[in-house]
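Working notes, beginning with the structure itself.
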Amino acid sequence: MASLVFFYIAAALVLGGAITVVMTRNIVYAAFGLLASLMGVAALFLLTFAEFLALVQVLIYGGAVVIVIIFALMLTRMDDFRQISDHKGWPMGAVAALAVFGLMVAAIVRTSVNTGPREGVSFTVMGESLFRDWAVPFEIASLVLLIALIGAVVMVRRSDPDDDGSPN
Amino acid sequence: MIELAHFQVLGAALFAIGLYGVLARRNAVLILMSIELMLSAVNINLIGYAAFVDFTEAQRALGQVLIIFVITIAAAELALAIAIILRLYRNRSTVNADEINLMKF
């Protein structure tokens, strides 16, 4: 019962933050809504006994991703911050999103899954799985991350001396 | 008691909200944030299955390993996307997705 209350609190945090991201007129509030939503996901990880993932979620999303996004907001146009406008075709987007939601809920209702009691995974088993069975994909993922970060640095570097970084 | 369906419906709702954000928002950074929401929805689904489905422990560990990969790729995608947005802002002085129509035929 307590777990259900905890779940609904976390779900409210996730959905409230997400709705803030897509609805608010102030772009800084959107960044904080994203933070709330991602922390709600960390709470869901705790609820399913995935402590390591909860920690990773707080560190990477709360510590890095949201900060990087706020930096991106800071480095792009400031006068957009107070009042942001949506695409004029937003009702179409709402219809598409509702259709996808309805489709997924229908699929969830109609699919039977053999569920058991809520169980976590011990650190040992998860570490063995990650570093033994999935060691090669893990190394490839680290390479992908490295290449992406180097690519990001190369892309924003000022190679042209006339380019002082300000928009023309 | 919480069940798998709770996690599935929450994941579907978060995915739909993220999809709406991608379709309706015009600021490129906000579109990026909506994509992060959709990736989180996938993670919610994966952790639901990893915790509730009647698998062996090694199989359930795979669900958590997949979440680690999703988080890694999401971080790589975010870094590249923000680099593209900053470059675009420097060259075109806008992050409005409607005004970025260089390749529009």
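The values are calculated or read from the model by the stated rules, or taken from the named source; none is laboratory data. A quick note: this is a predicted structure, and the numbers were derived from the prediction, not measured. So basically every Cβ, Gly included, is an ideal-geometry build from the backbone, and we count neighbours across all protein chains shown.
Being over 21 Å from B:A74 (Cβ atoms) and among the polar types (S, T, N, Q) is the filter here, so list the residues in region A:111-159 that pass it. Listed by number, the residues that qualify are A:T111, A:S112, A:N114, A:T115, A:S122, A:T124, A:S159. Under the condition of being assigned to a loop (DSSP other than H, G, I, E, B) and of a type outside the set (S, T, N, Q), the residues counted in region A:93-115 number 1. Among the residues of region A:20-35, those that are of a type outside the set (S, T, N, Q), touching a residue at least 12 places away in the same chain (Cβ under 8 Å) and surrounded by fewer than 17 Cβ atoms within 10 Å (Cβ to Cβ) comprise A:R25, A:V28, A:F32. Evaluate the following for A:F52: is it of a type in the set (F, W, Y), under 23 Å from A:A97 (Cα atoms) and either more than 9 Å from every other protein chain (Cβ to nearest Cβ) or touching a helix residue (DSSP H, G or I) at 6+ places or on another chain (Cβ under 7 Å) (or both)? Considered against the rule, which asks whether it is of a type in the set (F, W, Y), under 23 Å from A:A97 (Cα atoms) and either more than 9 Å from every other protein chain (Cβ to nearest Cβ) or touching a helix residue (DSSP H, G or I) at 6+ places or on another chain (Cβ under 7 Å) (or both), A:F52 comes out as no. Could you check chain B for helices (runs of 4 or more DSSP H) lying wholly inside it with 1 or more residues that are at pLDDT 90 or above, of a type in the set (S, T, Y) and surrounded by 24 or more Cβ atoms within 10 Å (Cβ to Cβ)? Ranges flagged: B:4-24, B:28-52. The residue list A:L145, A:L130 contains one member that is within 7 Å of chain B (Cβ to nearest Cβ), at pLDDT 90 or above, farther than 30 Å from B:I2 by Cα and touching a helix residue (DSSP H, G or I) at 6+ places or on another chain (Cβ under 9 Å), which is A:L145. Among the residues of region B:2-12, are any touching a residue at least 40 places away in the same chain (Cβ under 8 Å), at the interface with chain A (Cβ under 7 Å from one of its Cβ atoms), in contact with a strand residue (DSSP E or B) (Cβ under 7 Å, 6 or more places away or on another chain) and among the acidic types (D, E)? The answer is yes, given that some residue of region B:2-12 is touching a residue at least 40 places away in the same chain (Cβ under 8 Å), at the interface with chain A (Cβ under 7 Å from one of its Cβ atoms), in contact with a strand residue (DSSP E or B) (Cβ under 7 Å, 6 or more places away or on another chain) and among the acidic types (D, E). Within region A:30-49, work out how many residues are of a type in the set (F, W, Y) and touching a helix residue (DSSP H, G or I) at 6+ places or on another chain (Cβ under 6 Å). So the answer is 1. Determine if region B:14-31 includes at least one residue that is within 7 Å of chain A (Cβ to nearest Cβ), within 22 Å of A:L149 (Cα to Cα), in contact with a helix residue (DSSP H, G or I) (Cβ under 7 Å, 6 or more places away or on another chain) and of a type outside the set (K, R). Yes, region B:14-31 has at least one match.
Taking the condition at pLDDT below 90, over 19 Å from B:L37 (Cα atoms), outside the structural domain of A:G17 (by TED's automatic domain parsing) and of a type in the set (G, A, S), does A:G89 pass? Taking the combined requirement at face value, the residue satisfies it. The set of residues from region B:67-87 being under 13 Å from the mean Cα position of the chain (by Cα), closer than 15 Å to B:I31 by Cβ and facing chain A (nearest Cβ under 7 Å) comprises just one member, B:L78. Within region B:83-104, the set of residues being small (G, A, S) and in contact (Cβ under 8 Å) with a residue 12 or more places away in the chain comprises B:A97 only. If only residues of region B:42-66 that are more than 22 Å from the chain's Cα centre (by Cα) and more than 7 Å from chain A (Cβ to nearest Cβ) are counted, the one that is nearest to A:F52 (Cα to Cα) is B:Q59.
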